[in-house]
1. How large is the Kirkwood hydrodynamic radius of chain A, counting all unique pairs of alpha carbons, in Å?
2. Taking R0 as 35 Å, what's the FRET efficiency between A:Ala479 and B:Val77 from their Cβ-Cβ distance, rounded to 0.05?
3. Among residues other than A:Pro255 whose Cβ falls under 11 Å from its Cβ, what is the net charge (Lys/Arg +1, Asp/Glu -1)?
4. Using only Cα atoms, tell me the angle between helix A:331-342 and the longest principal axis of chain A; keep it within 0 to 90° and round to the nearest 10.
5. Within chain A, what is the longest stretch that has no chymotrypsin sites (Phe, Trp or Tyr not before Pro) placed in a DSSP loop and near at most 14 other beta-carbon atoms within 10 Å?
6. In sequence order, what are the phi-derived ³J(HN,Hα) couplings for the stretch B:46-51 according to the Karplus relation 6.51 cos²θ - 1.76 cosθ + 1.60 with θ = phi - 60°, rounded to whole Hz, with x for glycine and proline?
7. Say each of B:Ser30 and B:Val118 gets a label point 7 Å from the Cα, pointing the same way as Cα to Cβ; how far apart are those two points in nm?
8. Pop the C-beta distance of A:Leu142 and A:Leu243 into the FRET formula with R0 = 51 Å and round what comes out to the nearest 0.05.
Amino acid sequence: MDILASLGDGFGIALTWQNLALALLGCFLGTIMGALPGLGPSNGVAILIPLAFTMGLGATPSLILLTSVYYGAMYGGRISSILLNIPGDEPAMMTCLDGHPMAKKGMAGEALSLSGVASFVGAFIATWGLILLAPQLVKIALLFGPAEYFALFALAFMTLGGVSSTNQAKSAFAAALGLGLATIGVDTQTGVPRFTFGEVHLYDGLDFLVAIVGLFALSEVFIFLENRHGGNADGSKLKIGKLYPPMSMLKACTPTMLRTSVLGFVAGVLPGAGASLGSFISYSMEKRLVDKEKTFGTGDPRGVAAPEAGNNAAAGGALVPMLALGVPGSGTTAVLLAVLLSLNITPGPLLFSQNPDVVWGLIAALFIANFMLLAMNIPMVGLFTRILMVPSRVLMPIVAMVSFVGIYGISGSSFDLLVMIGFGVMGWVLRKLDVPLVPIILGTLLGNSMENNLRRAVTIDNGNWLTLFDSPLSLGLWAIAIVGFVLPLFFGRKVKASMHERRDEEGSISD
Amino acid sequence: MSDRIFGVVGILLAIAFAVSALAIEESFLSDAVGPKAFPLIIAAVLGLSSAAIALRPDPEPQWPALGRLVEVGAAVVVMILYAELLPVAGFVIATAFAATYLAWRLGSGLLGSLATGVGTSLGIYVIFHLVLGLSLARGPLGF
């Protein structure tokens with residue numbers, strides 16, 4: 001009953017005109033960003049962060065705006081997958097497999113509305129999962145000391161490495177690079193400057209927002225420039241037709257949606273997995289389970305419902321570790337963590353006891369946003385398909401300029417803009433080399449608290465480093481971390497190879 | 001080959017990182033671990049993973065042709081100029097130029113690029129500055 005009472009309070013917070021308007025704005029922008037190839041949830045949220053700061057929003061309203069964008073992007077990705085066979089963002093890549101064949105058969109409208117319903121079911125179930133699971137996780141997290149937190153951070157990096165790249169060494173490189181970048185600046189414990197090379201601007205450390213916008217948004221601009229894909233989608237394919245799925249189709253897909261919602265949620269909660277993996281395993285499992293007549297891949301409605309329910313559920317699931325432990329499981333939740341940290345709110349167990357208004361207001365807003373998205377995505381889907389026609393030669397300059405404005409608006413210094421350009425170039429080169437960017441972001445975000453926990457743990461035990469492996473809890477975390485890193489070395493290659501096979505050049509930032 | 005070069009660069013980076021970590025001046029008031037230990041651990045991970053990348057390279061990525069590389073390089077130069085000239089020229093003018101350039105390089109026609117550039121600049125100015133009140137760089141003309 002506790003939970004329902006808190007949820008009620010949450011609705012009290014979320015149901016103000018301002019918050020409703022923000023949720024609506026976020027849903028709308030999110031759907032657009034998801035639908036446009038080249039803008040995914042992580043860079044979409046990244047370029048909107050400055051907007052939230054500019055508007056002078058508090059923690060709850062900013063989070064409502066940005067998580068609405070996140071949920072919206074999960075909805076929007078399917079639109080271009082189905083109509084154009086180009087995933088609008090990475091989690092939507094599996095939707096191409098059956099969505100586009102359906103559209104070719106003249107059932108684009110049915111595919112869009114069915115996937116809209118599936119997205120709704122996935123997100124709805126996942127939000128309930130978040131409500132039920134996060135407080136339990138908080139109870140465990142309250143037992144954590146510094147040594148356990150250090151192990152938890154290590155676990156996050158190692159399992160992220162296991163899933164996010166085809167090459168473990170490159171994930172480890174990315175994580176180390178991010179952590180190394182985080183050590184730049186004045187050491188928080190002793191006050192000595194580190195790696196600043198006498199540059200005053202670096203004493204504060206690198207602003208992770210600058211790194212995020214550079215790595216995600218600007219590198220995308222460079223990728224487009226390199227390929228000179230300035231055109232727009234072929235408009236003749238965008239015929240939609242009937243907008244409501246027949247009841248029989250919905251009925252046939254209901255078991256699929258329910259199963260994949262649960263599966264996607266679990267995949268989302270796992271550290272390092274995120275929505276792309278959620279949609280991938282949802283589709284694969286459904287294919288094994290119900291595809292008796294081998295119709296998957298030829299426009300089977302269940303093949304549209306499965307990945308869409310899966311990726312939306314995973315998006316909700318990925319919020320669980322971010323809110324309860326302060327360790328994000330995916331690229332977009334890492335960006336959301338950056339928002340929280342910039343607002344001086346530390347997620348983790350204390351968030352639930354000290355800022356319950358933030359947590360429950362956010363959860364209530366997720367429910368509201370989900371209904372808004374359902375309403376927006378079925379009757380109004382035609383509007384979004386028209387936005388798909390904006391050519392990237394117009395879109396990309398806007399993305400670049402909004403990134404610059406946002407960062408300049410936060411700091412007002414040209415130095416930060418130069419750092420951002422540097423990160424953009426770095427992101428472009430690393431993406432060419434197939435180095436995942438998410439561990440870099442995670443490293444710059446978590447680096448300081450990882451180091452602080454390490455030093456606290458060792459200092460408490462009078463300089464004994466073995467204290468890191470002292471308690472059963474930390475040993476357990478280390479064991480999971482090692483398994484999570486080693487296991488994909490043996491089994492992961494195949495899964496990842498087939499997952500990355502469908503990935504396109506643009507918009508290939510993992511979520 | 002790319003991965004081998006990348007790995008070697010990574011190892012050099014790790015060594016440089018470790019060397020500058022060792023050069024950190026310790027303050028007389030230090031905790032049991034000190035400011036050097038964590039960076040040294042990071043340098044070790046960085047070095048080991050770079051070595052692994054160099055020893056077991058992935059298939060060669062697709063590098064763009066020289067012309068395209070110049071394209072990206074030119075865009076970087078334009079962005080750097082933008083960052084430097086923003087406080088001098090003012091937001092609206094600088095942004096209009098940079099956005100026009102990007103639109104042109106992404107394949108817009110002359111008029112189209114100009115329209116995109118000016119439109120982006122004015123649009124951002126109206127939304128972010130006039131409506132939302134974000135302080136943008138002020139040029140000599142006051143905008």
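The values are calculated or read from the model by the stated rules, or taken from the named source; none is laboratory data. Everything numeric here is computed off the predicted structure, so don't read it as measured data. Here Cβ is always computed from backbone atoms with ideal geometry, including for glycine, and neighbour counts include all displayed protein chains. These accessible areas exclude ligands, DNA and RNA; they are computed on the full protein's heavy atoms, side chains included. Shrake-Rupley method; radii C 1.70, N 1.55, O 1.52, S 1.80 Å.
1. Values: mean 1/r = 0.0441 Å⁻¹.
One decimal place: 22.7 Å for the Kirkwood radius.
2. Values: r = 50 Å, r/R0 = 1.43.
Result of the calculation: an efficiency of 0.10.
3. Numbers: positive: A:Lys251, A:Arg259, A:Arg302; negative: A:Glu286.
Combined, the nearby Lys, Arg, Asp and Glu give +2.
4. 50 degrees
5. Details: sites that count: A:Phe197, A:Tyr203.
Within chain A, the longest run free of exposed chymotrypsin sites (Phe, Trp or Tyr not before Pro) spans A:204-511.
6. Working through the residues one at a time gives 4, x, 4, 5, 5, 4 Hz.
7. 6.2 nm
8. Working: r = 48 Å, r/R0 = 0.95.
Here the calculated transfer efficiency is 0.60.
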